[in-house]
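Data block below; observations after.
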Amino acid sequence: MKDYKIRMGLALLVALVLTGCVSGDGLRARDDSLVIMTWNMHLLFDLVEEGTSFRDFQASAGWTREKYMGRIGAISRAIGDMERPPDVIAFQEIGSAQVIADLAEALTRHGYLWGHFANAPGAALGLGLLSRYPLEWVMAHAIDIAGDAIPRPILEARIRLPGGPEGEMDDGASLALFVCHWKSKLGGADETESTRMAAARVILRRMRELALSNPELPLVVVGDMNIPYNEFFVAGATMMRSLMPDDPLAYNFALSRASARLGTNIAQEIAPEQLQMDFLVLSHAKPPEASFFPEGILALYSPWSVEKDGGSYYFRNSWETIDHFLLSAHLFGGAPWEFHDSAALGAPPFAGADGLPMPYNPRTGRGLSDHLPLLLFLRLRV
């Protein structure tokens, strides 16, 4: 896999990221909780037309500064008026670094002093990140298929969290965050699954690298992965998926595929990395573990169907669970911060009175997004 250099935001944000400059108040937790939000923003473009903006967001279609700033204002009010505004926000479908800078400015009183934007060269949309806490390290990973990079990277960020007495910063209290926007099912769910599996391959590579270089580092995979947590069974358990359940049938599928590729039917001869090349195993155990897969398989915890029901995206009269928080075992007793809860924001202004997302309409200026935001709550261990 190849990495490409991240595209930064405004000079001020870049300076803050590189120098670590921030007031003392910004380095203290508001309480013993930490909140992370992930939100697909549904085509959040600025005013710059570089040949990549969607038609509805061009001047010729009536897209104006007034409409753009109105949308920035509506989003920032929705976030700022939350009872507990998030400490870290991972955005998908962001048009530029300017959008992240404008959101940070609109949310100035909430102290988002670190921000990043990443996209593939020439892509219309990218990933954004705002944080109250320092970004120690960032990298955008290209997703490569047969030598070609697809237009949606994975943004990896190392966030330094408060972890010492009374919320003081502690060098050991860091979190690895992977912000994702995987390929949609446009073109067919089965036909596009290989692209999502290529994205899972990047996550697995980095999980294994971090297990060697920084084995105590907790990690969270977030974002719109365009696949429900239970896709394997919903789709009839007929093929491998990028997200697989910790289940005997899922293991048998993976084992059969690896056996055919490696030419052996002896499970003990198949290394975990050969078995788990391009799929994440989801567990509902706390801490997550793969009970039906062999030792060495990497598993992540999914709150869907445990802490969260329903969905985050409403499509063809049905809820889908395509937005995710996936957590490593470190967040269940092995790190200063531990998992507490997770929720979807299905109330105004993030949803209508019926609880459904309200897609943004560039003609009327109404609505926020066709996805509900998800929240992850961590708490400081005592």
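The values are calculated or read from the model by the stated rules, or taken from the named source; none is laboratory data. Quick caveat: nothing in here was measured; it's all calculated off a predicted structure. Backbone-built Cβ (ideal geometry, glycine too); neighbour counts: all protein chains shown. Note: areas computed on protein heavy atoms with side chains; ligands, DNA, RNA excluded. Shrake-Rupley method; radii C 1.70, N 1.55, O 1.52, S 1.80 Å.
Summary of values
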| item | result |
| --- | --- |
| Criterion violated by Glu83 - all others in (1) open to solvent by less than 10 Å² (accessible area, probe 1.4 Å); (2) closer than 21 Å to Ala347 by Cβ; (3) of a type outside the set (Val, Ile, Thr) satisfied | (1) |
| Lone unmet requirement of (1) open to solvent by 20 Å² or more (accessible area, probe 1.4 Å); (2) at pLDDT below 95; (3) not β-branched (Val, Ile, Thr) for Ser213 | (2) |
| Residues satisfying the stated conditions in the range 205-219, i.e. among the hydrophobic types (A, V, I, L, M, F, W, C) and assigned to a helix (DSSP H, G or I) | Met207, Leu210, Ala211, Leu212 |
| Residue ID - least open to solvent (accessible area, probe 1.4 Å), chosen from residues in the range 262-297 that are touching a residue at least 24 places away in the same chain (Cβ under 8 Å) and small (Gly, Ala, Ser) | Ser283 |
| Counted residues, the range 344-382 - those being over 21 Å from Glu93 (Cβ atoms), in a strand (DSSP E or B), aliphatic (A, V, I, L, M) and out of contact with any Gly (no Cβ under 8 Å at 6 or more places or on another chain) | 1 |
| Criterion: in contact (Cβ under 8 Å) with a residue 40 or more places away in the chain, touching a Pro at 6+ places or on another chain (Cβ under 7 Å) and of a type outside the set (Lys, Arg) - qualifying residue of Phe377, Phe350 | Phe350 |
| Check on Gln98, at pLDDT 95 or above, in contact with a strand residue (DSSP E or B) (Cβ under 6 Å, 6 or more places away or on another chain), polar (S, T, N, Q) and surrounded by 15 or more Cβ atoms within 10 Å (Cβ to Cβ) | no |
| Meets criteria (open to solvent by 30 Å² or more (accessible area, probe 1.4 Å) and touching a Leu at 6+ places or on another chain (Cβ under 9 Å)) for Thr64 | yes |
| Enumeration of residues in the range 319-336 that are open to solvent by 10 Å² or more (accessible area, probe 1.4 Å) and at pLDDT below 95 | Gly333, Gly334, Pro336 |
| Members of the range 220-261 found to be open to solvent by less than 40 Å² (accessible area, probe 1.4 Å), more than 23 Å from Asp370 (Cα to Cα) and either in contact with a Ser or Thr (Cβ under 6 Å, 6 or more places away or on another chain) or not in a loop (DSSP other than H, G, I, E, B) (or both), listed by number | Val220, Phe232, Met244, Pro245, Asp246, Ala250, Ala254, Leu255, Ala258, Ser259 |
| Condition check for Ser76: at pLDDT 95 or above and under 20 Å from the mean Cα position of the chain (by Cα) | yes |
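Residue-by-condition table, conditions (1) within 22 Å of Pro86 (Cβ to Cβ); (2) modelled with pLDDT under 95; (3) under 14 Å from the mean Cα position of the chain (by Cα):
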position	(1), (2), (3)
Trp114	yes, no, no
Gly122	no, yes, no
Ile145	no, yes, no
Asp148	no, yes, no
Ala157	yes, no, yes
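Okay, residues lined up against (1) surrounded by 24 or more Cβ atoms within 10 Å (Cβ to Cβ); (2) touching a residue at least 40 places away in the same chain (Cβ under 8 Å):
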site: Gln92; (1), (2): yes, yes
site: Thr108; (1), (2): no, no
site: Trp114; (1), (2): yes, yes
site: Leu129; (1), (2): yes, yes
site: Tyr133; (1), (2): yes, yes
site: Val138; (1), (2): no, yes
site: Ala142; (1), (2): no, yes
